[in-house]
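> Here you go, one structure.
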Amino acid sequence: MKSEKNILIAFILNLLFSIFEFIGGAITNSVAILSDAIHDLGDCLSIFISFVLERISKKKPDDIYTYGYVRYSIIGSVITTSILIVGSILVIINAVKRLFFPIPINYNGMIILAIVGIIVNLLASYYTKDGDSLNQKSVNLHMLEDVLNWAIVLVGAIIMRFTDIKIIDSLLSIGVAIFILINALKNLKNVVDIFLEKIPDGISISDLKKHLLAIKGIKDIHHIHIWTIDGVNNYATMHIVVNKLSKKLKETVKQELSEHGVFHTTIEYELTGEECLEKDCKPPKMGSIKHHHH
């Protein structure tokens, strides 16, 4: 599996690199580099979790996980993101302490480390760039963030090399950590939306309903539910009231839904005048069609 292999390459690159960073951070005394080392170690751990869960997520649906295992990949995303959030907060705390008690830093060492950092992470982000799952996207996001971090560290180290203003180091690491924190929280929100069965981005129920009601022979639509399993595959269920049912009508409905990005559907067709058993529904004949629709 290509995506798995790429995640594994990114993992190995990152692991070797974070070990190198801890040593480098200790030698140069740079909190920006040490904080990046913590961050990278967190990345390693999460890439590994992602790797394992990505493998599980590829399993086909069975009698126990009837939708398949895709959400395992999202759990990878949750764990990864949580690690990043905790890591960023720790980095911010340490950097703030360092603001008040600056210590001498080896700037040349920092510059060399930063250049190596940029190269390693560019490679890792190159290997993970084609991911389509949320999990792989979050791994790739890490790699790109790391490239950016190192670019910032490099600029900072060069400035400090010539000015000897030590607090730049702490300010850099605070900036980087806040950036990571914001992205991680955004990522977490996407995942939580999926678990809460929120309607997928880019799909509007009222819009979909309007298009379906325009199909000849459809009298009413109610009980519409649309959700996504993994941020990629969208599912829908609904009740459609028709005068008479035909194969052609069903095909038209499926076609319309797929144009709206919904490919997995379960539709209950009701004939006009039939009583809908769901408590949220009012059959159209008993009053206005607009009653209680969601």
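Just so you know, all these numbers are worked out from the coordinates, no wet-lab data involved. Computed from a predicted model, the values in this text were never measured in an experiment. Note that we place each Cβ from the backbone using ideal geometry, even for glycine, and neighbour counts take in every protein chain shown.
> So for segment 154-282: antiparallel DSSP bridges make up what percent, rounded to the nearest 5?
Within segment 154-282, antiparallel bridges account for around 50 percent of the total.
> If r is the Cβ-Cβ distance from residue 263 to residue 197 and R0 is 22 Å, what FRET efficiency results, to the nearest 0.05?
Rounded to the nearest 0.05, the efficiency is 0.80.
> May I ask you to evaluate 6.51 cos²θ - 1.76 cosθ + 1.60, the Karplus curve with θ = phi - 60°, for each residue of segment 164-170 and list the ³J(HN,Hα) values in order in whole Hz, giving x for glycine and proline?
Here the 3J(HN,Hα) series is 6, 8, 5, 5, 4, 4, 5 Hz.
> How do 240-249, 216-225 rank on mean C-beta neighbours within 10 Å, highest first?
Listed from highest to lowest mean packing, they are 216-225, 240-249.
> With springs only between Cα atoms under 10 Å apart, run a GNM on the chain and tell me which of 230, 62, 43 wobbles the most.
Evaluated over the chain, the most mobile residue of the options is 62.
> While we're looking at this one, here's another question. Take a quick pass over segment 2-195 and tell me how many lysine pairs come in under 18 angstrom between Cα atoms, counting only ones 8 or more apart or on separate chains.
Total qualifying Lys-Lys pairs in segment 2-195 comes to 14.
> Also, quick follow-up: Given Cβ point charges of +1 (Lys, Arg) and -1 (Asp, Glu) and nothing else, what value in debye, to the nearest 20, does the dipole of segment 2-195 about its Cα centre take?
Dipole of segment 2-195, to the nearest 20 debye: 140 debye.
> Non-local amide H neighbours of residue 220 (under 5 Å, H modeled in plane, Pro and chain starts lacking H): which ones?
Residues meeting the amide H criterion: 241.
> Just to check I understand the Karplus step: with θ = phi - 60° and J = 6.51 cos²θ - 1.76 cosθ + 1.60, what whole-Hz values come out for segment 40-56, glycine and proline as x?
5, 5, x, 4, 4, 4, 6, 5, 5, 4, 4, 4, 5, 6, 4, 5, 4
> Label-point separation (nm) for residue 99 and residue 179, each offset 7 Å from Cα along Cα-to-Cβ?
1.8 nm
> Amide H neighbours of residue 269 under 5 Å, at least 5 residues apart or on other chains, H built in the peptide plane: list them.
Distant-sequence amide H within range of residue 269: 240.
> A follow-up question, please. Give the percent of DSSP beta bridges with both residues in the chain that are antiparallel, rounded to the nearest 5.
Around 50 percent antiparallel, to the nearest 5.
> Another question about this same structure. Which label belongs to the value computed from this structure, given these candidates for mean projected area of the Cα convex hull in nm²: (1) 22.7; (2) 24.5; (3) 19.0?
Matching the structure shown: (3).
> So, R0 is 25 Å and r is the distance between the beta-carbons of residue 167 and residue 115; what FRET efficiency does that work out to, to 0.05?
Result of the calculation: an efficiency of 0.65.
> So between residue 65 and residue 233, what do we pick up on full extension, going 0.36 nm a residue minus the alpha carbon distance?
Gain on stretching residue 65 to residue 233: 58.9 nm.
> Simple spin-label model, 7 Å along Cα-to-Cβ: residue 254 to residue 90 in nm?
In this crude label model, residue 254 to residue 90 measures out at 5.2 nm.
> Given the rule -39500 (n - 2.57) for each run of at least 4 DSSP H residues, summed and divided by the residues of the chain, what is its mean residue ellipticity at 222 nm, to the nearest 500 deg cm²/dmol?
-22500 deg cm²/dmol
> Tell me, what HN-Hα J-couplings in whole Hz come from the Karplus equation 6.51 cos²θ - 1.76 cosθ + 1.60 at θ = phi - 60° for each residue of segment 244-251, using x for Gly and Pro?
Couplings: 9, 9, 9, 4, 5, 4, 4, 4 Hz.
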